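Novice: First the structure, then my questions, so here it is.
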Amino acid sequence: MEATSPRVKRKTTTPFGTWEEGDGTLFWVRGANYKDDSEKIPALPSVMRLVHLDLYQGPKPQVHIFPIMRPHLPPNVGLLEEEREFYVVINFIVRGKDRSIDKKKKNKSESWIMWVFIFALPKDARKDPENEKFFKCFNALINGDDKERNHRVKFLACVTEGPWVVKAAIGGGKDGTHKGVVPTLVGEKVTTSYFKGDDYLEIDYNTAIDSVAVTSSKLAFQHSQKMVVDFGIVLQGESEDELPERVLGAARCSNFVIKEALVFPGTERGTYRFKDE
């Protein structure tokens, strides 16, 4: 088998903003001796590749959306299609502002935002000895029960550009890296659903029930056009044979315009207002 394609920084511009694969080495993770010294270290490059990102809106929260999105995945972004072994899909569901359905603004519907990250595992990743401990965590995520999964997936967000009020609320890193960014086990705080297929695991986080998540989301959406944010997904290592931790995948999102999010496929006219109405 030929080696996986080298990482190439490639920005994708959409109606709602720009996204690209993030630099996993900027994040700090638990070191090999974390259980003894609580020390964190700079991470190695992400194991999985970001191959797609989308921002959807619609009148209801959508879960298990990968089967709908899959036919439209670009075959050559982040990792060639034939080099992909497995997908991990992260879907953050956020309550948006109610919006009018008609021009007279008499009828309104709920509005929900689905922020979807799709990471692909290179077929040759298991051959790299540096990934051995990552796959102990990864296998626990894929094959474990929901309680195990909720305790594995950590989400990190670092605002590299944006108003100070957002950096103070979400985090801005230190010393030119993302040192000091506090990870969150999102699955232990919000309603979380898992859907497993033959070659994918989708994780849907509905943040509407968590007051902290709702407040942070509103603040971020308010200033999103002025922000550049780095996101990292880390699988939590607990035992010596799972440390040091590795970054599963990373993404950078720049200058997002939330109102320009794509209307979710299959949304019926009359239930949600489209841009041309």
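The values are calculated or read from the model by the stated rules, or taken from the named source; none is laboratory data. Quick caveat: nothing in here was measured; it's all calculated off a predicted structure. Using ideal geometry, Cβ is built from the backbone for each residue, glycine included, and neighbour counts are taken over all protein chains shown. Side chains included, ligands, DNA and RNA excluded: accessible areas come from the protein's heavy atoms. Shrake-Rupley method; radii C 1.70, N 1.55, O 1.52, S 1.80 Å.
Novice: Output the 0 to 90 degree angle, nearest 10, between the alpha-carbon long axis of helix 211-223 and the longest principal axis computed from the alpha carbons of the chain.
Specialist: It is inclined by approximately 70 degrees.
Novice: While we're here: Determine the dipole magnitude for the chain: charges of +1 sit on the beta-carbon of Lys and Arg, -1 on that of Asp and Glu, nothing else is charged, the reference point is the Cα centre, and the result goes in debye to the nearest 20. Spell out each step's value before the answer.
Specialist: On the way: 41 positive and 40 negative charges, 322 e Å.
Here the chain has a charge dipole of around 1540 debye.
Novice: What do you get for Rg/Rh of the stretch 204-254 when both radii come from the Cα atoms and Rh is the Kirkwood radius? Walk me through the numbers before you get to the answer.
Specialist: Details: Rg = 14.8 Å, Rh = 13.4 Å.
Over the Cα atoms of the stretch 204-254, Rg/Rh equals 1.11.
Novice: Could you pull out the pairs from 127/196; 136/226; 40/189 whose alpha carbons sit more than 30 Å apart here?
Specialist: With Cα atoms farther than 30 Å apart: 136/226.
Novice: Might you work out the accessible area of residue 115 for me, using a 1.4 Å probe with all protein chains in place, and round it to the nearest 10 Å²?
Specialist: Accessible surface of residue 115 is approximately 40 Å².
Novice: Specify, per residue and in Å³, the volume enclosed by the convex hull of the alpha carbon atoms belonging to the stretch 140-203.
Specialist: On the way: hull volume 7.7 nm³, N = 64.
With only Cα atoms used, the stretch 140-203 gives 120 Å³ per residue.
Novice: Moving to a separate point now. Over the chain, give the accessible area per residue in Å² for a 1.4 Å probe, as an integer.
Specialist: Numbers: 13760 Å² over 277 residues.
Per residue, the chain has 50 Å² of solvent-accessible surface.
Novice: At 222 nm, what helix-only mean residue ellipticity would the chain give, in deg cm²/dmol to the nearest 500, using -39500 (n - 2.57) for each DSSP H run of four or more? All intermediate terms of the calculation are to be shown ahead of the outcome.
Specialist: On the way: 6 runs with 45 residues, N = 277.
My calculation for the chain gives -4000 deg cm²/dmol from helical runs alone.
Novice: Another question about this same structure. If you stretched the chain out fully between residue 143 and residue 107, how much longer would it get, using 0.36 nm times the residue separation minus the C-alpha to C-alpha distance? Spell out each step's value before the answer.
Specialist: Values: separation 36, 0.36 × 36 = 12.96 nm, distance 4.52 nm.
Length gained between residue 143 and residue 107: 8.4 nm.
Novice: Moving to a separate point now. Can you send over the carbon and sulfur percentage of the accessible area for the chain, probe radius 1.4 Å, protein chains only?
Specialist: Details: 6930 of 13760 Å².
That share works out to 50 percent.
Novice: Of 231, 195, 119, which has the largest mean-square fluctuation in a 10 Å C-alpha GNM of the chain?
Specialist: Among 231, 195, 119, the largest GNM mean-square fluctuation belongs to 195.
Novice: When the chain is fully extended, how far beyond the present Cα-Cα distance does residue 126 get from residue 268, taking 0.36 nm per residue of separation? Mind showing how you got there, number by number?
Specialist: On the way: separation 142, 0.36 × 142 = 51.12 nm, distance 4.34 nm.
Separation in residues times 0.36 nm, less the Cα-Cα distance, equals 46.8 nm.
Novice: Please list the equivalent ellipsoid semi-axes of the chain, computed as the square roots of five times the alpha-carbon gyration tensor eigenvalues, in descending order and whole angstrom. Please list the in-between numbers first.
Specialist: Numbers: eigenvalues 195, 91, 64 Å².
They are 31, 21, 18 Å, listed from largest to smallest.
Novice: Here's another thing I want to ask about it. So for the stretch 95-214, what are the equivalent ellipsoid semi-axes in whole Å, largest first, each being the square root of 5 times an eigenvalue of the Cα gyration tensor?
Specialist: On the way: eigenvalues 204, 102, 40 Å².
The three semi-axes for the stretch 95-214 are 32, 23, 14 Å.
Novice: Let me cross-check residue 226: its accessible surface, 1.4 Å probe, with only protein heavy atoms counted, in Å² to the nearest 10?
Specialist: 140 Å²
Novice: Which one of 86, 117, 27 has the biggest mean-square fluctuation once the chain is modelled by GNM with Cα springs under 10 Å?
Specialist: Residue with maximal mean-square fluctuation among 86, 117, 27: 86.
Novice: Could you compute the FRET efficiency for residue 182 and residue 218, with r as their C-beta to C-beta distance and R0 at 25 Å, rounded to 0.05? Please list the in-between numbers first.
Specialist: Numbers: r = 20 Å, r/R0 = 0.79.
For residue 182 and residue 218, the calculated efficiency is 0.80.
Novice: Report the antiparallel proportion of the DSSP beta bridges in the chain as a percent, rounded to a multiple of 5.
Specialist: Working: 55 of 66 bridges.
DSSP beta bridges in the chain are roughly 85 percent antiparallel.
Novice: Between the stretch 110-165 and the stretch 178-203, what is the separation of their alpha carbon centroids in Å?
Specialist: Between the Cα centres of the stretch 110-165 and the stretch 178-203 lies a distance of 6 Å.
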